[in-house]
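Rule-based calculations on the coordinates, nothing more; no lab input. Treat the numbers as computed from the prediction; the structure is a model and nothing was measured. Methodologically, a virtual Cβ is constructed for each residue, glycine included, from the backbone with ideal geometry; neighbour enumeration extends over all protein chains shown.
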Amino acid sequence: EPDVTIVSGLKDMVVFEGDDVTFRCQVSHENARDVEWKLQDVALQNNEMNEISVEKGKIHTLTLRKVTEQDIGTITFRVGPHVSTA
């Protein structure tokens, strides 16, 4: 299985309270396994507040819905040993 690397990392975002914010990270290969999103070292799951998806096979996205002050912090995307933060 090829080593999946991060081609395009996360970018810092500033949004207003109540808005949605989307983070994108592009990886080198489709169908990447061992992928994880975190907010302040807490693993995020796909639910009504966090939408986790993959576009075109290589672009992993995380959308935080209706953000609040509690959502301020570091977002981390990890694939295997490779990490990107914003």
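When only Cα pairs below 8 angstrom with a gap of at least 6 residues are kept, segment 12-81 shows a relative contact order of 44 percent.
Convert 4 °C to kelvin, take the viscosity as 1.567 mPa s, use the Kirkwood radius over C-alpha pairs of the chain as Rh, and evaluate the Stokes-Einstein diffusion coefficient in µm²/s, rounded to a whole number.
My calculation gives 99 µm²/s for D.
Extending 7 Å from the Cα toward the beta-carbon at both Met13 and Ile72 defines two label points whose distance is 1.8 nm.
Of Gln26, Gln70, Gln45, the residue with the greatest mean-square motion in the GNM of the chain, using alpha carbon springs below 10 Å, is Gln70.
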